[in-house]
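Here is the structure we will look at.
The values are calculated or read from the model by the stated rules, or taken from the named source; none is laboratory data. Not measured: the values here are computed from a predicted model. Glycine gets a Cβ as well: all are built from the backbone with ideal geometry, and neighbour counts include every protein chain shown.
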Amino acid sequence: MKRAVAAAGPLAPAALLTAIAFVLPLAWLLRLSLDRSSGGGMLVDAVTAANYLRFLGDGFYLGVLWRSTWMAALASALTLLLSYPLALFLARTRSRWRGFLAVLTIAPLLVSSVVRTFGWMVILGDQGWVNGLLRLVSLTAAPLRLMNNMLGVLIGLTEVMMPVMTLALIAGFARLDPTLEEAARSLGAPPRKVLLRVTLPLSMPGVLLGSLVTFVLSISSFVTPKLLGGGRVAVLATSIYEEALETLNWPFAAAISVVLVAVFGVALMLYERAMRRWMI
């Protein structure tokens, strides 16, 4: 017993901080979601599941949940597809510019996602660089719709999440033994098979971690869907904002937030199951 208490002692400050910063706010959010709103921001103290029944019984909000989920999943897949070659190059290169290139890759994290999203609005707008270039080379007469839709949101999310995914992948590559790839090449395996049969499976922990983090950040993203979606792409984060600050229905906004946390939990369970499978 004394040993257990002594071992738990150093963990007490972290446990207390977690309880104050995460558990208590989440418990308050859950309790708020069980209240009712009487309109105008007024709360009726009650314990009811009406807000959850409204969410689950309304096709619009179920559509928002589905749209948010597949948007985050697709953004994670696109980010992984673009980040994997970059991370592999940074992990394997012996160039003297390696440090500079690594800093350049994660440098976008130093810029607010709001600023980066505004930059994409300039690039993807009807008078932006992309449409201007297409008209310049006579590929299109009318501007393409690259904003105010899901396409623009996915482009913005992919770019915003690439540094995060790249860092996770580099960490995964650091645990990969290069002698295994050398052994495969010495046995006559072509580069493509070495990548698919050796490098990719061994880097799966980094792939899964990066995908989890990217999925969670994407499905909870507000700025990029709000700005690049132009108010036409309803996701969970924008719905929470509208219910909390526009209609002033705080209990329903809290219920949507709890649903979002539940999605996080499902994603975490899938991640742990996949990790157990790949670690066997």
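A compact table of results
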read-out: Subset of segment 129-153 (residues that are aliphatic (A, V, I, L, M), in contact with a Lys or Arg (Cβ under 8 Å, 6 or more places away or on another chain) and not in a helix (DSSP H, G or I)); value: A141
read-out: Enumeration of residues in segment 233-279 that are small (G, A, S) and touching a Leu at 6+ places or on another chain (Cβ under 7 Å); value: A254, S257, A267, A274
read-out: Hits in segment 223-280 (condition: not in a helix (DSSP H, G or I) and not hydroxyl-bearing (S, T, Y)); value: G229, G230, G231, R232, V233, A234, V235, L248, N249, I280
read-out: Filtered residue count, segment 200-236, keeping only those that are surrounded by fewer than 21 Cβ atoms within 10 Å (Cβ to Cβ), in contact with a Ser or Thr (Cβ under 6 Å, 6 or more places away or on another chain) and either farther than 16 Å from M150 by Cβ or touching a residue at least 60 places away in the same chain (Cβ under 8 Å) (or both); value: 2
read-out: Pairs where the first residue, in segment 139-152, is more than 20 Å from A72 (Cβ to Cβ) and the second is assigned to a loop (DSSP other than H, G, I, E, B) and among the acidic types (D, E), C-beta under 7 Å, 6+ apart; value: P143/D126
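Residue-by-condition table, conditions (1) farther than 19 Å from A102 by Cα; (2) assigned to a helix (DSSP H, G or I); (3) modelled with pLDDT of 90 or more:
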position	(1), (2), (3)
L157	yes, yes, yes
L176	no, no, no
A189	yes, no, no
G206	no, yes, no
